[in-house]
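Working notes for the structure below.
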Amino acid sequence: MTGLYQYHPMPHQLALACPQCAGQADFEFLVAVSIERKADVPWFQAHPLLEYWRPQDSCGHYRHYALYYPGLHGDPLQSLGQLPEGYRAEQWRQPRHGYRQHSLDHGSVSCPHCDYQARHALNWPTEAYYGVPYRGQLLWAYHRESALALHDYLLSTRRDPGGYPWQHFLRHIPSPFKSRKAREPLTRLLKRLLNRA
Ligand SMILES: [Zn+2]
């Protein structure tokens with residue numbers, strides 16, 4: 001597949017084709033919280049639900065992070081327990097309608113159809129559930145809500161993104177998908193995915 005396009009920010013929840021059953025599965029980005037004191041690193045390394053991550057910045061300094069997968073372990077206020085001084089469980093919480101706060105393409109997948117649940121390295125938009133091929137390019141939407149908006153937008157004659165949710169996303173749809181010829185096949189394929197899920 002050529003001509004993949006991508007832009008930021010990404011919502012923290014996406015609809016993926018399940019790696020196991022190809023049904024609609026939920027992807028959720030991990031949450032990365034900076035570990036401020038190096039002395040706290042061993043505590044975070046030992047925590048059963050947190051993952052320690054040590055990237056190097058452009059100056060060669062190491063940064064320390066504690067990664068959490070809300071898609072696997074739920075509300076951190078319930079699951080993390082007592083934290084070292086200076087940290088609050090809320091820091092690992094994902095806002096309900098938020099965007100990814102980091103550049104990591106990692107998170108978790110859980111599938112309501114086959115119960116598949118695992119950590120997952122995101123391959124976007126190749127594995128988007130709402131992905132529709134057209135003339136060598138892939139038209140995609142983040143999730144059901146943006147796919148509905150995309151379907152209605154493509155079907156409309158005015159093509160004004162202003163009246164829809166996810167208008168920032170709609171404003172970035174590449175022009176080949178917005179041609180008159182593309183309208184029928186694309187809206188039909190999107191509708192099929194929307195009806196199936
Ligand atoms: Zn599945």
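Read the figures in this text as sums done on the coordinates, not as results from a lab. Keep in mind that what you see is a predicted model, and the values were worked out from it rather than measured. Because the Cβ atoms are built from the backbone with ideal geometry, glycine has one as well, and the counts that use them run over all protein chains shown.
See the values below:
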read-out: Positions within the stretch 127-181 being surrounded by fewer than 21 Cβ atoms within 10 Å (Cβ to Cβ), in a loop (DSSP other than H, G, I, E, B), touching a residue at least 12 places away in the same chain (Cβ under 8 Å) and of a type outside the set (G, A, S), in sequence order; value: E127, R135, H143, R159, Y164, P165, W166, H172, I173, P174
read-out: Residue that is farthest from A66 (Cα to Cα) [pool: residues in the stretch 99-138 that are among the small types (G, A, S) and more than 12 Å from the ligand (Cβ to nearest atom)]; value: G136
read-out: Out of E85, E90, E36, sole residue that is charged (D, E, K, R) and not in a loop (DSSP other than H, G, I, E, B); value: E90
read-out: One residue from W166, W92 being more than 16 Å from the ligand (Cβ to nearest atom), closer than 27 Å to L67 by Cβ and under 22 Å from the mean Cα position of the chain (by Cα); value: W92
read-out: Boolean, D105 is without any contact (Cβ under 8 Å) to a residue 24 or more places away in the chain, of a type outside the set (V, I, T) and within 21 Å of G23 (Cβ to Cβ); value: no
read-out: Any hit, the stretch 39-53, residues being under 30 Å from P176 (Cβ atoms), of a type in the set (V, I, T) and surrounded by 13 or more Cβ atoms within 10 Å (Cβ to Cβ); value: no
read-out: Residues (assigned to a loop (DSSP other than H, G, I, E, B) and under 20 Å from V41 (Cβ atoms)) located in the stretch 54-81; value: R54, P55, D57, C59, G60, H61, R63, H64, Y69, L80, G81
